[in-house]
1. Check off (1) over 22 Å from Asp108 (Cα atoms); (2) touching a strand residue (DSSP E or B) at 6+ places or on another chain (Cβ under 6 Å); (3) modelled with pLDDT of 95 or more for Leu62 and give me the number that stays unchecked.
2. Restricting to the stretch 241-279, count the residues that are among the acidic types (Asp, Glu), farther than 13 Å from Gln216 by Cβ and in contact with a Phe, Trp or Tyr (Cβ under 9 Å, 6 or more places away or on another chain).
3. Given (1) at pLDDT 95 or above; (2) outside any strand (DSSP E or B), where does Thr105 come up short, assuming only one miss?
4. When you look at Asp186, is it farther than 29 Å from Ser96 by Cβ and acidic (Asp, Glu), yes or no?
5. Please state which of the following conditions Val204 fails to meet, knowing it meets all the rest: (1) in a strand (DSSP E or B); (2) among the aliphatic types (A, V, I, L, M); (3) at pLDDT below 95.
6. Taking Leu6 as meeting all but one of (1) crowded, with 18+ Cβ neighbours inside 10 Å; (2) aliphatic (A, V, I, L, M); (3) under 25 Å from Gly177 (Cβ atoms), write down the number of the exception.
7. Of the residues that make up the stretch 225-241, is at least one of a type in the set (Asp, Glu) and either modelled with pLDDT under 95 or outside any strand (DSSP E or B) (or both)?
8. Scan the stretch 182-196 residue by residue and report those that are in a loop (DSSP other than H, G, I, E, B) and under 19 Å from the mean Cα position of the chain (by Cα).
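The values are calculated or read from the model by the stated rules, or taken from the named source; none is laboratory data. Computed from a prediction, not measured in an experiment: that's the story for all the values here. We place every Cβ from the backbone using ideal geometry, glycine too, and count neighbours over all the protein chains shown.
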Amino acid sequence: DGWPDLFVANDSTPNYLYHNNHNGTFTEVGTELGVSYSESGGEQGSMGVTWGDFDLDGRLDLFITNFENEPNALYRNLGREGFVDLTLAAKIGQPSRPYVGWGTTFVDFDNDGWPDLLVANGHVYPQLELAQGPNQSGYRQPFLLFRNLGDGTFAEVSKDAGLSALPLVSRRGAAFGDLNNDGLVDVVVVNVGERPTVLLNTSVNQNQSVTLKLVQTKGNRQAIGARAMLRTARHSYIQEVEAGASYLSQNDLRLHFGLGQGEKIESVEVRWTNGETEAVTGVTPNHVLTITQGKGVTASLDY
């Protein structure tokens, strides 16, 4: 509705979702809309949070990383009907259950048009290195990479992506962005007591993408809270500019859209935070484009 709502991930207590009442107040509706508890009705040790349209239905869905023996949670946004927990149906639950999840974001790593998920894991108790039990995964834990298969399910592909070969450390924050402007999203991860990890995306395929930098002239210049809607012949995509994301992290403020192969961008519309909407022309794949409010595309950089 153009009015930002607020989600709060709580550790071992119900999560909160505050609906914006358009008058300076909020109403807590988490339980009513189905995001306060797990699919089995339990409280969770929630840590990282990301919003993204994983099923390309025009609504932002919710993904939460949780404590060990609590699978990461995926909630599909049904609009006015609330949310439905798809953790098990989407095949995310079992692979994530042994780990303590932190930083995460919906990102289309292979540019096939379907947002994927990376999760940075690590326990909070170093003593686990001395006392390993049958249900313990250790203090130092691996990444999880969930590839979106486009049918409502995900496949855990960290081994195929080379992530399982990395040294195990206890990870926390993860920031996502295209560090070298090659059209592929990279990741910077903060580790406990160790140097940061930089994951440079070296995917090789024929898929296309486009990156949009929004500049607002009426309101906050970085366009925090603005939404871009991009349409191709096959799909519609939405993303919002966020201040703070993942877990204690700040992602690239530019919006990255994977497009698949041979897709022509039919339209782009930006909803600025002051309520104005703007149709933008001249948006083509394989570029970093600056869109300035009221002026359209004002700068272009080839990948």
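1. That leaves (1) as the condition not met.
2. Quick first cut of the stretch 241-279, residues among the acidic types (Asp, Glu) only: 242, 252, 263, 266, 269, 276, 278.
Checking the rest, the ones that are also farther than 13 Å from Gln216 by Cβ come to 242, 252, 263, 266, 269.
Now drop any that are not in contact with a Phe, Trp or Tyr (Cβ under 9 Å, 6 or more places away or on another chain), which leaves 242, 252.
Going through the stretch 241-279 one residue at a time, the tally reaches 2.
3. The one condition Thr105 does not meet is (2).
4. Details: farther than 29 Å from Ser96 by Cβ: no; acidic (Asp, Glu): yes.
When the stated conditions are applied, Asp186 does not pass them.
5. It fails just one condition, (1).
6. For Leu6, the failing item is (1).
7. If we filter the stretch 225-241 for residues that are of a type in the set (Asp, Glu), which is where we start, we get 240.
Then keep just the ones that are either modelled with pLDDT under 95 or outside any strand (DSSP E or B) (or both); that gives none.
Within the stretch 225-241, not a single residue is of a type in the set (Asp, Glu) and either modelled with pLDDT under 95 or outside any strand (DSSP E or B) (or both).
8. Taking the stretch 182-196 as the starting set, the residues that turn out to be in a loop (DSSP other than H, G, I, E, B) are 182-185, 192-196.
Answer for the stretch 182-196, where residues must be in a loop (DSSP other than H, G, I, E, B) and under 19 Å from the mean Cα position of the chain (by Cα): Gly183, Leu184, Val185.
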